[in-house]
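Structure, as structure tokens:
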Amino acid sequence: MYAFAEWYNNRIHGALDLEYFETPNEVFIRKMRSENTLGMFFEWSEKEVSI
């Protein structure tokens, strides 16, 4: 299931901006509030440091 979701979200989608070849993942990140992006970065960095 993970492989399908990865493929689906990283392909060019006709409903998105075809001029810039946007994928669903890119649109999700672009429309995400900056506070959420920063929080995700801190969460990721804490996991990397604790390993």
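In segment 31-40 there is at least one residue matching the filter, namely being loosely packed, with under 10 Cβ neighbours inside 10 Å and not charged (D, E, K, R).
Residues checked against (1) among the hydrophobic types (A, V, I, L, M, F, W, C); (2) touching an Asp or Glu at 6+ places or on another chain (Cβ under 9 Å); (3) modelled with pLDDT of 80 or more:
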| site | (1), (2), (3) |
| --- | --- |
| 1 | yes, no, yes |
| 14 | no, no, no |
| 30 | no, yes, yes |
| 43 | no, no, yes |
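The values are calculated or read from the model by the stated rules, or taken from the named source; none is laboratory data. Every value quoted in this text rests on a predicted model; they were computed, and no experiment measured them. We place every Cβ from the backbone using ideal geometry, glycine too, and count neighbours over all the protein chains shown.
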